[in-house]
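Report on one structure; see the data block that follows.
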Amino acid sequence: MSFMPLATTGELDAARLLLDRLGVVPEQLLNDDRSMPTFGEYVPQVAAAVSAGTRRVYGSYWDRICEQWGTRRLDEPTATEIGQFAQQAKADVVVRANARGGHLAAEHTIAAMRCIYRHAIADGYLPEGRNFAIRVPKPRRQASARRALLGTQLAAISTAASTTGNDRDLDGLIIRLHVETACRRGGALSLRPADLDPSQCLARLREKGGTDRWQPISPTLMRHLRLHHEQRGGTQGQAPLLCYRNGKPITYRRYDHLWARIGRHLPWVAAQQISTHWLRHTTLTWVERHFGYAVAHAYAGHHSRNDFGATATYTRADVYEVAAALAALTGESHPLA
């Protein structure tokens, strides 16, 4: 019987160096290569596992990854290749009025790749620490161009929304909902009749990250939301509240059409690419200036305590303070203020 001689220390070091240069860890050698999926096979599985919001943000980038790397295995691309892929996405970005040099396209490409690898590690296709996209730095995020709107600008937007278009009541209601609550579009689209508490003038908002909160709204807004449901939603308490006249729920496309129309009537809106998030920015800026950071933090529905550290436990604002800020904002009394 013959025995294979043991490798020397020098041979082991050379093997480790070769594996490192190839981007391979020893654990991968124990796996059957045929079990490693390609991007074309695996990305649809990731897309099915994430939230609708994540799919909306990363979907177009995943499509591009599958188009160019669909036949490549997950463990094939190097960090350098991923960086090159992100730079190509940046260079190919469509130039629009609100374009910012393709920085966001590069950032989202890297984030979309990181998401794929996180799932691959969780599913056991790759060992821990082998998220290749983590090694690719995201481009430095540029300062936001959004700012708080002037009162006259906000009034002009509200007037344009509620006096033009084919559904003026709906569009006026959308603008008021976002101004009062500072909610994101997802929060408005997920609002249901069952989420309204008329006795305390509260609306339950579900937003990104699976968060939800009871947000104070004015008696006037509560009345219009309930009337909207009575006229268009019938008795379906779990269906989306904001609907067209035929009872069909609105989607993000309604927002696109709404702001395009407002931009035609108010050229400065189109020139500055003002959107729904500007309304959130405007309301939260006003709340912070008049009621302080803690109340604005709660009003926005933010849950991170990192800004305050351990002190956040004692400085966190409650729903009563948010209601007081709303009452001052709208000029209407609130049951909880």
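FYI, it's all coordinate maths here, none of it is from the lab. This one's a predicted model, so the numbers in the text were calculated from it and none came from an experiment. We place every Cβ from the backbone using ideal geometry, glycine too, and count neighbours over all the protein chains shown.
Cross-link partners of LYS90 among lysines, defined as those whose alpha carbon lies under 16 angstrom from its own and excluding same-chain residues fewer than eight positions apart: LYS138. The Cα atoms of region 190-255 define a convex hull whose projected area, averaged across directions, is 4.7 nm². Here the scattering of region 151-330 is modelled by Debye summation over its C-alpha atoms, one equal scatterer each and no solvent; at q = 0.08, 0.17 Å⁻¹ the log10 of I(q)/I(0) is -0.25, -1.12.
Close amide H partners of CYS243, meaning residues 5 or more places away or on another chain with modelled amide H under 5 Å apart, are ILE250. In order along region 145-160, phi translates into HN-Hα couplings of 7, 6, 8, 5, 7, 6, x, 5, 5, 5, 5, 5, 5, 4, 5, 4 Hz, rounded to whole numbers, per the Karplus curve 6.51 cos²θ - 1.76 cosθ + 1.60 with θ = phi - 60° and x for Gly and Pro.
Overall, region 151-330 carries a charge dipole of about 500 debye about its Cα centre when +1 sits on the Cβ of Lys and Arg and -1 on the Cβ of Asp and Glu, all other atoms neutral.
Working from label points 7 Å from Cα in the Cα-to-Cβ sense, the ARG253 to LEU17 distance is 6.1 nm.
If you take all other residues with their beta carbon under 12 Å from the beta carbon of CYS183, and give Lys and Arg +1 and Asp and Glu -1, the sum is +4.
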